[in-house]
Each structure stands twice: as structure tokens, then as C-alpha cells.
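The numbers here are math on the coordinates, done by the rules we state, and not lab data. These numbers were taken from a predicted model, which means no experiment stands behind them. Note that each Cβ is placed from the backbone with ideal geometry, even for glycine, and that neighbours are counted across all protein chains shown.
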Amino acid sequence: MTSISVDAVFCPRCGRPLGPAGIASGEHAVCRRALDLEPPRYCAYCRRRMIVQITPSDWTARCIEHGETTESTWGPA
Amino acid sequence: MTAQPGVDGIRNNRGMTEQVATQPTASPTSATTPTSAADILTVAREQVLERGERLTYDQILAVLRTSDEQLEELLAIAHEVRMRYQGPDVEVEGIISLKTGGCPEDCHFCAQSGQFTSPVRSVWLNIPELVRAAKLTRDTGASEFCIVAAVRGPDAKLMEQMRAAVAAIKGSVDINVAASLGMLDADQVQDLANMGIHRYNHNLEAGRSYFPNVVTTHTWEERWETCQLVKTTGMELCCGGLVGMGESLEQRAELADQLGELEPHEVPLNFLNPRPGTPFGDLPVMPANDALRCIAAFRLALPRTILRYAGGRELTLGDLGTRDGLLGGINAVIVGNYLTTLGRDPKEDLALLDELKMPIKALSDTF
């Protein structure tokens, strides 16, 4: 399962606001599972759609405000 | 569709013959007797395994209608066919998106269409990144590296970018370069062949009768014509499609049959991974046993063709199903990530091939 920062405000998959339980909430159960096979698309802090580039071996997701997330910085739970 | 010189009939799923551009050969599948699910396995052994003759439309449909109880035997036959006509080698490929998103077409399964509210943003990959990705792909043992662009067809800018990219990759990485750039005209086909493109991918996506439910911005016939053009140049044709898009079993059989008629060098088999924001975003994931029946059916419809696991296998089949498919007709894989979604760690796939004693096809065996 993929983890995101505890101070994330928005779901990185669907872009909807995260409640107090964060992405662990039941509302985002589908997103949580899907993120095992998808890179994040929305910035977890500002909900901007990120520029995502995927190569066979890795990926990067860049928010113009909050910078770049990579596979290695995203990290498993 | 208006009849044209040099056209031939392709049977649709209702048994009707329609006119599409193709080679002037009659479909060998049009005069067959319906086969029941009960005796299709015997037929498959005698016809495909022993004589090397592909299944007809009705026979493919009978395979797709086999029961779960018959699945193990069906996969075993498909595996025997693969081993006899293709051997134990597995062709490994990496794919990469040169131009992502913003596509004007409306393929209902695709997150890269500019017509849907998909979260995928438009972006181009630069050439140093392409070369780096090609090197990392080659390091897995892969012999094929496919550059993909989300376009209707390539414009002059994209062709120039391809020319530079192919030259840069060929200058530093020992790997076949493939391309997937949408619909082509004859000049573009020749241009790509001259660049040294080894294989060109252009999928039929769906059986002809279901295609209007999947794409409305271009026709199945336009795709067929690009495929025929590619075959005239010496480039290998890679042409497959997706299953699990809401098509009937008849339409699924139709796709396999039409691919058999087309005779591509490779068929990539995708299982729909419903993407958020697309018209097919809420469709259910295909049941694993249906996906395995598809693999066997496509193998028996295409006994001498490379049959590649493409997108959606992780979601549809999981680890166990992936193994079953490799023992049920599949003889090629895409390793690593896809264009907008992620795949398994290449190490896991390579370890599985090693365990199954399926050697990676050497680059020298791909010419």
C-alpha cells in the first residue's frame, strides 16, 4: 500500500479533500488500492493537477507550487 | 462503407460480409460449422496443435464459452501450441510515452484523450530521458523499446522528434526501436521504416462491430488501412486490442478472428483498466478466468504470432493469473510501467520467467 504525508489535504488520485483519517478513510479505499498501480495525479497540498512522466522503471510527478515527487520519495507504507 | 478496388470481405459478428480494405483473400473462417464448448478442446488439439491451422470465428467463440472446469485443459493446449509454433522464448519489451495526453481522439478507454476530464496532463518527454529509459529497458534483457505518442497521427514536429530520438537511441543502446504514433499515410510509413523502426504498433482496439462503441472520432477501417500500409514496408506490424470493454463474447471472438485475418507479427492483449474520467471509467474489471480464456482463445486464433501481455494484467490477473497466462499461450511481456499506469517490478517478471524456464528472447533472434 502507498503512503502519503500525514499533512496531505487532498487525495492524490481523485483530488477530493481528505478528512481527518486521511487517505486511510473508507471514502478513499478505492484510491488507496489504485495508487499501488498508479502515480499520483493531484498535488496532495493544493489539488493542482501535476505533470506526471512515467518511464518503464520509474515516474515523477511535478506540482508547479510544491515541487517534484518521485517514486523513491513517495515510498511504500 | 463504399466498395473499393482491391478490397475483400471481412465477416462481422453477425455473419455478414462487409467491404473493407484488405488483401484479396477470402476469410477462411466464413464457412465453418458452429462448434460446441464440449468438443472444442478436441478440435483445438487436432486443428491448431497438430495441423497449425488457426481457429475459425465460431471455434474461437466456442473457446470463449468453455466452462471454468475446462479452463485448465484449455490453457494447457494453448501452451502446447505456443511451445510448438513459437518455442519457449519470451520477448521482453519496454514502452514509453514521448507525448502524453491532449489527444484529439475519443477512445473511451484512454486517459490521454483531451475530450474527457481525466487528470492526465499533457507533456512531452525529452530525448536524454528517452535514451536513459531505453538503456534501463535494455538492462532488463528486453529486445524491444516502443516509443508511443498520444496523437491521431504524427505531424511534422512529431516526426522530427522521432527522427532525433531514434538516432539518439540507436547511437547508444543496442535495442530494437518500435513506434506507436497513430494513423499513418504512405509517406510516413516509409519515413519511419527509413528511420530504422523495427515494429509499428497500431491496434484494432476492438472487433469491428463493437468499435463504434469505443471510438467515434475515427473508424475501424482507418485503423485497418494503416495496418495494411505498415505491412507493405518491411516493418513488423504489432496490432492487438483490449478486452473487457463491455463487448459481447461474439465481439471478443470477432476481434481475435479479425486479427487472425490481419496476421500481425505481434498481438498485444490488453485488459481494460478502467481509468477515472473516461467513459469506461466505471466498467468492472474483467474476471480473471474470462481473461485467461481470452489468452487461450487468442493463442488458438493466432498460433504463430507473438502474443504479448500488455496493459491491465496486474489488475485483472494478479500474480497467480499472470503465471497462468504465461502457461496458457502468452509468449511476450511488457516489463515495468505502462504509459499512464504502473506495472510490476521488472525483477518480479524476470524471476517468474526464470522459474518457468522461459528464456528471454535474445536481440539477435528478433530480426
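Observations on the model:
- Taking B:ARG82, B:ARG121, B:ARG163 in turn, the Gaussian network model of chain B (Cα-Cα springs below 10 Å) assigns the largest fluctuation to B:ARG121.
- For segment A:20-77 versus segment B:102-155, the spacing of their alpha-carbon centroids is 19 Å.
- Fewest-first ordering of B:HIS79, B:HIS202, B:HIS218, A:HIS66 by other beta carbons within 10 Å of each residue's beta carbon gives A:HIS66, B:HIS218, B:HIS79, B:HIS202.
- Shielding value for A:13-22 is 1, the average number of Cβ atoms from other chains within 10 Å of each residue's Cβ.
- Measuring r between the beta carbons of B:ASP39 and B:ASP354 and using R0 = 41 Å, the FRET efficiency lands at 0.65.
- Sorted fewest first by neighbouring Cβ atoms within 10 angstrom, B:VAL43, B:VAL177, B:VAL333 come out as B:VAL43, B:VAL177, B:VAL333.
- Put a dot 7 Å past the Cα of B:GLN115, heading toward its Cβ, do the same for A:ARG33, and the two dots end up 3.0 nm apart.
- Potential extension, B:THR216-B:ALA168 segment - 0.36 nm per residue separation minus Cα distance: 13.6 nm
- Signed unit charges on C-beta, dipole axis of the protein assembly as shown, positive-most listed residue B:SER97, A:GLY67, B:VAL63: A:GLY67
- Relative contact order of chain B, defined on C-alpha pairs under 8 angstrom at six or more residues apart (%): 22 percent
- DSSP-defined beta bridges in segment B:91-365 - what % are antiparallel, rounded to 5: 5 percent
- Chain A shape via C-alpha gyration tensor axes, a/c threshold 1.5: oblate
- Label point at B:GLU80 placed 7 Å out along Cα→Cβ; residues across segment B:38-57 whose backbone nitrogen lies under 16 Å: B:39-55
- In segment B:272-325, taking the dipole from charged Cβ atoms about the Cα centre, the farthest positive-side position among B:PRO276, B:TYR309, B:LEU320 is held by B:TYR309.
- Residues whose amide H comes within less than 5 Å of that of A:VAL52, counting only those at least five positions distant or on another chain, are A:ARG62, B:ARG121 (H built at 1.01 Å from N in the peptide plane).
- Whole-angstrom gap from segment B:47-83 to segment B:313-367, using each part's C-alpha centre: 21 Å
- In segment B:261-314, inverting the average of 1/r over every pair of distinct C-alpha atoms gives 12.3 Å as the Kirkwood radius.
- Distance between modelled label sites at B:ALA186 and B:LEU320, nm, 7 Å Cα→Cβ extension: 5.4 nm
- Test item: Cα-centred dipole of the protein assembly as shown, Lys/Arg +1 and Asp/Glu -1 on Cβ, debye: 960 debye
- Between A:HIS66 and B:LYS135, the modelled labels are 3.2 nm apart [label points 7 Å from Cα along Cα→Cβ].
- A Förster radius of 56 Å combined with the Cβ-Cβ distance from A:ALA8 to B:GLU50 puts the calculated FRET efficiency at roughly 0.40.
- Cα shape, the protein assembly as shown, gyration tensor, a/c 1.5 rule: prolate
- Over 18 Å between alpha carbons, listed pairs B:LYS99/B:LYS157; B:LYS99/B:LYS170; B:LYS135/B:LYS170: B:LYS99/B:LYS170
- Mean residue ellipticity (222 nm) of chain B, computed from DSSP H runs ≥ 4 via -39,500 (n - 2.57), nearest 500: -11000 deg cm²/dmol
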